[in-house]
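The values are calculated or read from the model by the stated rules, or taken from the named source; none is laboratory data. Since we're looking at a predicted model, the values are computed, not measured. For neighbour counting, all protein chains shown are included, and Cβ atoms are generated from backbone atoms with ideal geometry for every residue, glycine included. Side chains are part of the model used for accessible areas, which takes the heavy atoms of the whole protein and leaves out ligands, DNA and RNA. Shrake-Rupley method; radii C 1.70, N 1.55, O 1.52, S 1.80 Å.
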Amino acid sequence: MRLKRTALLGQKDHGKSTLLGSLLIETGAASQARIREARRASEQLGRKFEPAFILDSFSEEREDAMTVDTTRAQVPFGNMAFEFIDVPGHEELMSNMLSGASYADTALLLVSAAPSEGITDQTKRHLFVAKLLGIDRLTVAVNKMDVADYSRHAFESVVDGLSGFLEKVGFDPSHVRFVPISAYNAQNLIRSSAFMPWYGGQPLMQTLMSLESSDIAAGGGACLATVQGYIERPRVISGRVLSGSVTRGEKVLLLPAGKQLSVGRIWVGGTERERTTPPESFALELLGDLPVNVEGSVICDPASPPPVGQVMIAVAFFLNPPTQHMELVSMGSSTGVKSMDFLEAIDPTTCNTVPGQSAQPLQAAIIRIALESPRVIVTSDEQRELARFVLRDSAGLVAVAVVKDNWSAGSSHSSNS
Amino acid sequence: MIEQDLNELENKSTYIIREGKLKFSKVAALWSMGKDSTTVLQLSRKAFMGKVPFPVIHIDNGIDFPETYEFRSSLRDEWGLELIVAKSEIKNELSGFSCCGENKTKALQGVMKEYGFEALIVSIRRDEHGIRAKERYFSPRSKEFKWDYKNQPLELWDNYASRLDEEGHYRIHPILDWNEIDIWRYIEREKIPVNPLYFSESGFRYRSLGCTHCTVPVQSDASNVGEIIAELRVSTSEEREGREQDKEKEYVMQKLRSLGYM
Ligand SMILES: Nc1nc2c(ncn2[C@@H]2O[C@H](COP(=O)(O)OP(=O)(O)O)[C@@H](O)[C@H]2O)c(=O)[nH]1
């Protein structure tokens, strides 16, 4: 069974953990022992029953009532299984949110309909980042409908308040669904709610099931594979196929070195194979004049090689201020950053460009990066996985970014072997 | 219990094991002779052309079951494993925190230092305990083996952290995504040898293995891998219910983790 990995997004306290707890109870995935333990923990803290405690997280998270780090829960439903990744809704913990969401195929955003809550900057920032990370199918659960009298009006005001922004961020309205729920009272989660007869759509889980994630485009396209390194010198390398396939006996081009090589034997899961396809991890023999270092290289079809260059334009979301000594990391391999220029700063809560020559943490920007050595540069439209990267320095993560537009000045087309 | 696609899991796990071996110059795997760490050895063989390409460490407090010791030598010979036995000393207290935590940690620290390992492959799974949901695939430990779970490096996509501060080391978790039932399904598919203690003997079997002092058997008639899988398909209880440690308070578990207990 394939797990559908779904990131839970939204402002802290809008009910992400409660929703997960309720889903685990409603679908029967939580054992009785877990439910008892959660009940006891709620009592010990002198609280009403908190379904969120089913998640069995660190005690300090319970006491602070916040998700410190990502939490995961698997929920079986019909003939599918969902893995929900609960990411922190705290501003300071934005980096953990990124980490959790980077493993998701789709996202579920919670927005509280409670009178004093509603859409916040954090809600919008999460949406901006989710889109940047490549998530383009979205379900918006309008939560706490119980404290909004289960009213159609409360639901619609969230829908109206968010629709314009969603489009601005780049979500296709036909890939976005809105569902009114009460996570605490388990309303409209897996069964239609009697309290909301005005809502004509499907309950939450059915809605999630109906939104197919977009990224299973495996199989098509030209051959592209990444290389981890030599697992047996002098010629067995390992890596992963991103698109197309790699077949025994065929000619391939190794980038950025620009070497024409041919493929010898191929192994997948320890078994010899004629070819390997996405998303397989492979080991294979390369025949020809191999470079000493292959880590971070890309294998491609010599007839349609992706561009190789040292300058790129990207949209970046910053967690920390950029520093002098940064490196770009993508598909597990790093390249030094020679320089970085700000072309435009973007406010992720409005998607508008703002004046200023730098980006503050939690701000976005369009940047131009010059690298110390060449690498394959593709945009997210061409190959999503190769297009995304992180910038880090010795202290840790600086930004996550996606190549948006190829920049040809100074780049060469990899045939200088 | 959710059953995942074994090929997909295998692909991801072999990728992580290779990444670990390629990014660090000295790597070892912890091997308890249990089902999880033995599965990781099989994955490592598959990732590296049929042979486990790094030493395997058993932290031996001398009170494991006889079956476990027998299993250790037979698989070592069959798979040509480079086995390092780290003798752990047992002090007075014979259960839980200090037994599993302190003693074993000390023994492991000794071996790590002696051989200069930079990274350890550890066979934990997220579904074992809520706290493990917070582990990364590559998770740093300080020199004192502490796990600073609130301050972990980020893991985005396949970009696992691989830089060490001074004298710490990395824990590499290749089967973090697997569920208990996936392990058994994989053992069945790959015909991986298993410690006989997992199979029912007069109505009881071990569901997870520690040493003779902390491990409690569970009621079960499952006497082979197929029967264990069938049992798990209908079971609602949790795997570690048979272990002494879990009866202690949750914060103890948290302590054990941050002290570097596996
Ligand atoms: N009335 C009501 N309260 C809710 C609902 N969902 C969550 N809450 C409460 O909102 C608070 C924050 O919820 P929590 O799940 O911790 O939010 P998170 O920070 O997004 O994970 C808790 O006290 C919940 O009991 C709901 O549907 N109705």
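Quick notes
- In the set A:Val292, A:Val311, A:Val263, A:Val298, only one residue is without any contact (Cβ under 8 Å) to a residue 24 or more places away in the chain and among the aliphatic types (A, V, I, L, M); that residue is A:Val292.
- One residue stands out among those in the range B:109-144 that are over 24 Å from B:Thr39 (Cβ atoms) and modelled with pLDDT under 75: the one that is nearest to the other protein chains (Cβ to nearest Cβ), which is B:Ser142.
- Within the range A:155-194, considering residues that are in contact with an Asp or Glu (Cβ under 8 Å, 6 or more places away or on another chain) and within 16 Å of the ligand (Cβ to nearest atom), the one nearest to A:Leu110 (Cα to Cα): A:Ser182
- Candidates A:Arg62, A:Arg47, A:Arg36: the one that is open to solvent by 40 Å² or more (accessible area, probe 1.4 Å), at negative phi, at pLDDT below 85 and within 10 Å of the ligand (Cβ to nearest atom) is A:Arg47.
- Breaking point among (1) away from the ligand (no atom under 16 Å from the Cβ); (2) open to solvent by 10 Å² or more (accessible area, probe 1.4 Å), for A:Thr226: (2)
- Looking at A:Leu24, A:Leu3, just one residue is more than 8 Å from the ligand (Cβ to nearest atom) and closer than 18 Å to A:Ser182 by Cα, and that residue is A:Leu24.
- Residue check, B:Glu19 surrounded by 22 or more Cβ atoms within 10 Å (Cβ to Cβ), within 13 Å of another protein chain (Cβ to nearest Cβ), acidic (Asp, Glu) and farther than 20 Å from B:Asp182 by Cβ: yes
- Among the conditions (1) within 18 Å of the chain's Cα centre (by Cα); (2) within 14 Å of chain A (Cβ to nearest Cβ); (3) at pLDDT below 95, B:Ser44 misses just one, which is (3).
- When every residue of the range A:79-91 is checked against the conditions, at least one turns out to be more than 30 Å from A:Phe389 (Cβ to Cβ), modelled with pLDDT under 95 and in a loop (DSSP other than H, G, I, E, B).
Listed here are the residues, each with its yes/no results for (1) farther than 22 Å from B:Phe54 by Cβ; (2) part of a strand (DSSP E or B).
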{"residue": "A:Thr226", "(1), (2)": "yes, yes"}
{"residue": "A:Tyr230", "(1), (2)": "no, yes"}
{"residue": "A:Pro234", "(1), (2)": "no, no"}
{"residue": "A:Ser238", "(1), (2)": "no, yes"}
{"residue": "A:Leu242", "(1), (2)": "yes, yes"}
{"residue": "A:Val252", "(1), (2)": "yes, yes"}
{"residue": "A:Ala257", "(1), (2)": "yes, no"}
{"residue": "A:Ser262", "(1), (2)": "yes, yes"}
{"residue": "A:Ile266", "(1), (2)": "yes, yes"}
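- The lone exception for A:Glu285 - which of (1) touching a Leu at 6+ places or on another chain (Cβ under 9 Å); (2) open to solvent by 20 Å² or more (accessible area, probe 1.4 Å) it fails: (1)
- Check on A:Leu319, in contact with a helix residue (DSSP H, G or I) (Cβ under 8 Å, 6 or more places away or on another chain) and more than 28 Å from B:Glu8 (Cα to Cα): yes
- Looking across the range B:60-87, the residues that are of a type in the set (Gly, Ala, Ser) and over 16 Å from B:Thr39 (Cα atoms) come down to B:Gly62, B:Ser73, B:Ala86.
- Qualifying residue in the range B:63-78 (condition: at the interface with chain A (Cβ under 10 Å from one of its Cβ atoms), outside any helix (DSSP H, G or I) and either at pLDDT 95 or above or farther than 30 Å from A:Gly78 by Cα (or both)): no
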